[in-house]
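A quick write-up on the structure given underneath.
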Amino acid sequence: MSVTFHIPGPLRSFANGRSQVEVAGTPATLSEALQSLWVVCPGIRDRVVTEQGLIRQHINIFVGKEDVRYTGGLATPVAPGAEITIVPSVSGGKGDAVARASRPRSRERRALARGQSLS
């Protein structure tokens, strides 16, 4: 049996452009499955885990549809034939930019606080 990893776009260059990587064997835990992935795609390792071997804060990993942060982390059980998805976090975006753009700048806030016009 094997385990299939779904590789996100930003990491595909470390997987020879593949969106899926199948690793042979029947790993019992996520840690064992990731070790198998590192053998096939070593460049992904440093982008997914820290130097201490912990999942990076900005990386989410799902075994099936379950976020491993809530199922045991690297000790999460992996069933034969499981699908594991690596998802980099996304933050910021238009909402934050709009909020910042709509706030008065420091100089403008000070002038308004003093009752001065900016004209």
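The values are calculated or read from the model by the stated rules, or taken from the named source; none is laboratory data. A quick note: this is a predicted structure, and the numbers were derived from the prediction, not measured. For neighbour counting, all protein chains shown are included, and Cβ atoms are generated from backbone atoms with ideal geometry for every residue, glycine included.
Quick look at the numbers
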{"quantity": "Matching residues, segment 1-30, being in contact with a strand residue (DSSP E or B) (Cβ under 9 Å, 6 or more places away or on another chain), free of Cβ contacts under 8 Å to residues at least 60 places away in the same chain and among the polar types (S, T, N, Q)", "calculated": "S19, Q20, T26, T29"}
{"quantity": "Every pair of residues 6+ apart whose Cβ atoms lie under 8 Å, when the first sits in segment 31-50 and is surrounded by fewer than 16 Cβ atoms within 10 Å (Cβ to Cβ) while the second is among the polar types (S, T, N, Q) and not in a loop (DSSP other than H, G, I, E, B)", "calculated": "G43/S13"}
{"quantity": "Residue within segment 28-44 that is touching a helix residue (DSSP H, G or I) at 6+ places or on another chain (Cβ under 9 Å), modelled with pLDDT under 95 and not in a loop (DSSP other than H, G, I, E, B) present", "calculated": "no"}
{"quantity": "Residue satisfying all of: in segment 13-27; among the small types (G, A, S) and assigned to a helix (DSSP H, G or I); nearest to G73 (Cα to Cα) among these", "calculated": "A15"}
{"quantity": "Residue list for segment 77-112, restricted to those being over 17 Å from the mean Cα position of the chain (by Cα), β-branched (V, I, T) and either in a strand (DSSP E or B) or modelled with pLDDT of 95 or more (or both)", "calculated": "V78"}
